[in-house]
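Below is one structure, written out as C-alpha cells; comments come after it.
The values are calculated or read from the model by the stated rules, or taken from the named source; none is laboratory data. The shown structure was predicted, so the numbers you read here are calculated from the model rather than taken from an experiment. Virtual Cβ from ideal backbone geometry, glycine too; neighbours counted across all protein chains shown. Just so you know, the surface numbers come from the protein's heavy atoms only, side chains and all, with ligands and any DNA or RNA stripped out. Shrake-Rupley method; radii C 1.70, N 1.55, O 1.52, S 1.80 Å.
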Amino acid sequence: MTTSCRFDEKKSRAKSEVMVEHILESASEIISTDGLLACTHRAVAAQTNISPGTITYHFKTLDDLHAAVIKQTILTFEAQAREWFKQVSFNKPELALANYLIWTLQERQNFIKQYELFIAAVSKPRLRAAAREWLKAHKSILQDELKFTSSQAESAVAITDAWLMRCIITEEHALPDINTIKASFASITFSQRDYIVSVAPLKKTDSLWLSFYQ
C-alpha cells in the first residue's frame, strides 16, 4: 500500500469517527428531550441534516444506535465521577460516599437523564446487556477509588441508584440530609472486625480471635 493510500484511508477513518460522534451526540439530545422511543434513524437524520441511509450505515438497527448511546453515556459518567474523586479528599469512606451522592443529585439534570435512558433499556431485552455495563462501571469506580470489596461496592451502588431513582419519580429538588445518608453508607463500610470491637472491646490477649475477622 502506498503512502498516499494509507493517508486517504486514515483520513476516511477519521471522518467516519467524527460522523459517528456527531450522530451519537444528536441521538443523546433527542433521548434527553423526548425519550428513547423518539430516537429513530429519521429523527437523528433530521436533527443532524444527514441522510437516514448514512445513519443506518453506521447503526443498522435502532438497538445498535441506542446501545451505542448507552455506551457513550457510561464512558462520560465514568470520566466525570473519577475526576470528582480526584478533586476531593475524605478521611472516611462513608463521608466520601455521602458527598458523592450529593454531587450526583446536584448534577441531576445530567445524571437523571442518563438514568431514564437505562430504565428505558430495561424494557428492551437487547439493550439490557448494554445497561448492565452501567452497574459494572459504577461498581468499578467505587472499588478503585475507595478500595471497596465487590459486595461493598455493589451495596453502595444500590443505595446511590435508589436515591437517583427517587428523584426521577418524585421530581424533588431538595437534597437529602447528609448525616442520614452517611449513616446508610456507614452500614456498608463498617467491617465485621469493627463490629466485633465495638460490641466487645478486645484486649491484647484477644489478638488471635480478632485476626479471625480481619
Exercise. Pairs only if they're at least six apart or on different chains, beta carbon under 6 angstrom, first in the range 121-145 and under 17 Å from residue 104 (Cα atoms) and part of a helix (DSSP H, G or I), second open to solvent by less than 50 Å² (accessible area, probe 1.4 Å) and among the aliphatic types (A, V, I, L, M); list them, first residue then second.
Key: 134/74; 137/74; 138/157; 139/153; 139/157; 141/81; 142/153; 142/156
Practice problem: Assess whether residue 123 counts as being modelled with pLDDT under 80, surrounded by fewer than 14 Cβ atoms within 10 Å (Cβ to Cβ) and small (Gly, Ala, Ser). | Solution: yes
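Please go through the range 146-187 and pick out each residue that is of a type in the set (S, T, N, Q), over 13 Å from the mean Cα position of the chain (by Cα) and in a helix (DSSP H, G or I). Can you show your working first?
Filtering the range 146-187 for residues of a type in the set (S, T, N, Q) gives 149-152, 155, 160, 170, 179-180, 184, 187.
The next check asks that each one be over 13 Å from the mean Cα position of the chain (by Cα); those that pass are 149-152, 155, 170, 179-180, 184, 187.
Matches in the range 146-187: 150, 151, 152, 155, 170, 179, 180, 184, 187.
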Practice problem: Taking only the range 52-80 into account, find how many residues are open to solvent by less than 60 Å² (accessible area, probe 1.4 Å), in a loop (DSSP other than H, G, I, E, B) and not aromatic (Phe, Trp, Tyr). | Solution: 1
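Output the residues belonging to the range 33-42 that are part of a helix (DSSP H, G or I) and crowded, with 18+ Cβ neighbours inside 10 Å. Can you show your working first?
Let us first name the residues in the range 33-42 that are part of a helix (DSSP H, G or I), namely 33-34, 36-38, 41-42.
36, 41 - these are the residues of the range 33-42 that are part of a helix (DSSP H, G or I) and crowded, with 18+ Cβ neighbours inside 10 Å.
Mind listing whichever residues of the range 81-112 are basic (Lys, Arg) and either at pLDDT below 90 or not in a helix (DSSP H, G or I) (or both)?
Step one: list which residues in the range 81-112 are basic (Lys, Arg), which gives 82, 86, 92, 108.
Once the filter is applied, which keeps residues that are basic (Lys, Arg) and either at pLDDT below 90 or not in a helix (DSSP H, G or I) (or both), the range 81-112 yields 92, 108.
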Quiz item: Out of the range 82-107, which residues are of a type in the set (D, E, K, R), in contact (Cβ under 8 Å) with a residue 60 or more places away in the chain and closer than 17 Å to residue 167 by Cβ?
Solution: none
Self-check item: Close pairs (9 angstrom Cβ cut-off, 6 or more residues apart or separate chains): charged (D, E, K, R) in the range 168-186, in a helix (DSSP H, G or I) and at pLDDT 85 or above anywhere
Solution: 182/94; 182/95; 182/97; 182/98; 182/99
Exercise. Just give me the residues in the range 40-61 being in contact with a helix residue (DSSP H, G or I) (Cβ under 7 Å, 6 or more places away or on another chain), more than 16 Å from residue 21 (Cβ to Cβ) and not polar (S, T, N, Q), in sequence order.
Key: 41, 42, 43, 52
